[in-house]
Amino acid sequence: MFNSVRVRLTLWYTAVLTCVLVAMAFATYFLLRQDSAHRTDAAIVEVADSFLTTVNAEARDATGPDGLKAAIEEAISEHKYRDTVFVALNQEGTIVASSSNQLLQESPGTLVEILQEAVGRGKLRVRPFRTVRLRDEVHRSYARGFSIGKEEYTLLVLQSLHSQREFLESLITAFGLAIPLAILLASGGGYFLARRSLSPVVEMSTQAGRIGADNLHERLLVRNAQDELGHLAGSFNNLLDRLDHSFEQQRRFMADASHELRTPVAILCGEADVTLSQPSRSPEDYRASLDILRAEARRLKHIVEDLFTLARADAGQHPLTLANFYLDELITECSRSMKTLAAAKQITLTCNASKELPIQADEALLRRMIVNLLDNAIKYTSPGGTVSVSCDAEDSQYVMTVSDTGQGIPLELQPRIFERFFRADKVRSRSGSDGGAGAGLGLSISQWIVQAHGGKLELTRSNQEGSTFTVHLPPQQWLSR
């Protein structure tokens with residue numbers, strides 16, 4: 001049960017609400033009790049003031065102890081209040097008059113203590129009020145001294161707290177009924193709201209559990225794209241989009257790789273079967289067959305090496321071996337080595353690289369990138385065409401361009417030229433002695449090499465007059481020798 005988020009949210013909400021309600025109930029109870037006590041004390045003082053005013057008025061014409069006693073009794077008779085008792089004492093502590101003799105008789109011990117303290121005038125300034133229990137009822141007592149002529153008296157006022165106690169007990173009863181009911185209703189409402197709020201999460205979990213490799217095209221239902229659950233569903237759908245794209249790339253990669261590997265393997269097997277099917281052949285025939293086998297074996301080796309390079313690059317297991325060298329010298333060497341291939345197709349290869357272009361990079365990888373670009377340009381350039389490579393320093397970076405005069409790449413295919421195994425053979429003429437199509441991995445590997453060095457490789461021009469690839473490389477800082 002406690003494994004459910006809805007139950008835990010409801011329990012936490014109920015516990016917090018219970019603490020708040022109980023704290024408010026206690027605070028309300030003590031504030032009302034304190035306020036009631038202050039009101040009772042103020043009422044007793046007001047009644048005592050009124051009583052003494054009446055005593056003074058009645059005692060103007062009184063003479064002697066009997067006259068003063070009669071004046072006090074007359075004041076008591078005029079101030080008959082419910083739950084209020086007046087007791088007047090002389091200096092010796094003798095009761096002169098009282099409004100409830102029955103109360104005095106039923107609680108003599110407690111009254112004696114109160115009266116003895118009341119007679120001690122010095123104590124009245126410190127503790128005029130006391131709460132006492134008389135006849136199984138709680139009373140509030142107030143003692144005050146007063147003078148009539150030369151006689152000193154003490155007035156004791158007893159106020160029953162029965163009504164205040166009933167009010168506070170009713171308040172406790174009301175809290176005892178209201179708080180559990182409120183907690184019960186709030187818990188039910190909280191569980192309903194938690195269940196309603198988290199139901200989209202349950203639905204998303206169910207939908208996500210049904211999505212697999214065979215139905216990655218399905219997406220989670222987004223009820224409200226603006227709230228938190230909508231953002232969660234949107235993020236999950238974006239993740240599914242990326243996974244779907246990755247799976248599609250992987251399927252296409254596997255299909256293309258299988259196709260590219262199947263062709264040279266089929267040629268190898270076919271040529272070997274043809275060679276072995278004839279009992280006797282001339283040395284020239286054997287040599288021709290071996291040349292075909294060697295060419296296809298090299299092509300197969302090249303494809304496998306490219307696939308291995310990309311696999312290591314994707315896994316982050318192809319670290320760069322940085323070294324200090326001059327980029328212009330590397331471009332010149334690569335151009336010189338590719339001139340033989342260009343001359344075989346009657347293509348002019350020119351190189352124009354600025355002098356003194358120091359760089360810190362992986363020389364082997366950059367050499368492979370340059371050769372790939374030059375080889376790609378030569379393959380897709382018709383005989384009699386031109387391929388040029390140049391490099392210069394621009395805005396704190398090196399910019400290398402490889403241009404050809406081939407047919408160009410259609411606009412709709414240009415965004416895909418860096419995809420693995422993608423070739424535009426159908427639209428770009430390829431003739432000459434190289435024969436056969438490439439695997440379509442050269443530009444992918446070149447792009448990875450440039451990006452691994454913090455640079456950028458892009459197709460900046462491609463039309464009927466030819467294509468231009470541009471490489472941006474940061475020179476970085478030379479290693480200390």
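Residue pairs whose Cβ atoms lie under 7 Å apart, sitting 6 or more positions apart in sequence or on different chains, and linking a residue in region 198-218 that is closer than 18 Å to Glu228 by Cβ and part of a helix (DSSP H, G or I) to a partner that is at pLDDT below 80 and open to solvent by less than 40 Å² (accessible area, probe 1.4 Å), are Met204/Leu220; Gln207/Leu220; Ala208/Leu220. Scanning region 74-94 for residues that are under 20 Å from Glu151 (Cβ atoms) and β-branched (Val, Ile, Thr) gives Ile76, Val87, Thr94. Put simply, of Leu357, Leu310 the only residue that is touching a residue at least 40 places away in the same chain (Cβ under 8 Å), in contact with a Cys (Cβ under 7 Å, 6 or more places away or on another chain) and among the aliphatic types (A, V, I, L, M) is Leu357.
You will find that of Leu184, Leu216, Leu229, the residue that is over 30 Å from Glu46 (Cα atoms) and touching an Asp or Glu at 6+ places or on another chain (Cβ under 8 Å) is Leu216 and no other. Within region 53-71, how many residues are closer than 15 Å to Val87 by Cα and either in a loop (DSSP other than H, G, I, E, B) or of a type in the set (S, T, N, Q) (or both)? Final tally of qualifying residues: 1.
Would you be able to say whether some residue in region 55-68 is at pLDDT below 85 and among the polar types (S, T, N, Q)? Yes: region 55-68 contains one or more residues that are at pLDDT below 85 and among the polar types (S, T, N, Q).
You will find that of Ser50, Ser77, the residue that is within 30 Å of Arg165 (Cα to Cα), modelled with pLDDT of 90 or more, open to solvent by 30 Å² or more (accessible area, probe 1.4 Å) and among the hydroxyl-bearing types (Ser, Thr, Tyr) is Ser50 and no other. Going residue by residue through region 311-327, is there one that turns out to be aliphatic (A, V, I, L, M) and assigned to a strand (DSSP E or B)? Among the residues of region 311-327, at least one is aliphatic (A, V, I, L, M) and assigned to a strand (DSSP E or B), which makes the answer yes. Each residue in region 315-337 was checked for being open to solvent by 20 Å² or more (accessible area, probe 1.4 Å), within 14 Å of Leu373 (Cβ to Cβ) and in contact with a Leu (Cβ under 8 Å, 6 or more places away or on another chain), and 0 pass. Flag: Arg281 does not match the condition of being open to solvent by 20 Å² or more (accessible area, probe 1.4 Å), basic (Lys, Arg) and part of a helix (DSSP H, G or I).
The residue list Arg210, Arg195 contains one member that is charged (D, E, K, R), at pLDDT 80 or above and loosely packed, with under 11 Cβ neighbours inside 10 Å, which is Arg210.
Residues that are assigned to a strand (DSSP E or B), modelled with pLDDT of 90 or more and open to solvent by 20 Å² or more (accessible area, probe 1.4 Å) do not occur anywhere in region 434-448. Would you confirm whether or not region 350-371 contains a residue that is among the polar types (S, T, N, Q), on the phi > 0 side of the Ramachandran plot and open to solvent by 60 Å² or more (accessible area, probe 1.4 Å)? No, that holds for no residue.
The values are calculated or read from the model by the stated rules, or taken from the named source; none is laboratory data. Treat the numbers as computed from the prediction; the structure is a model and nothing was measured. So basically every Cβ, Gly included, is an ideal-geometry build from the backbone, and we count neighbours across all protein chains shown. Ligands, DNA and RNA are stripped out before the accessible areas are found, and what is left, the full protein with its side chains, is counted by its heavy atoms. Shrake-Rupley method; radii C 1.70, N 1.55, O 1.52, S 1.80 Å.
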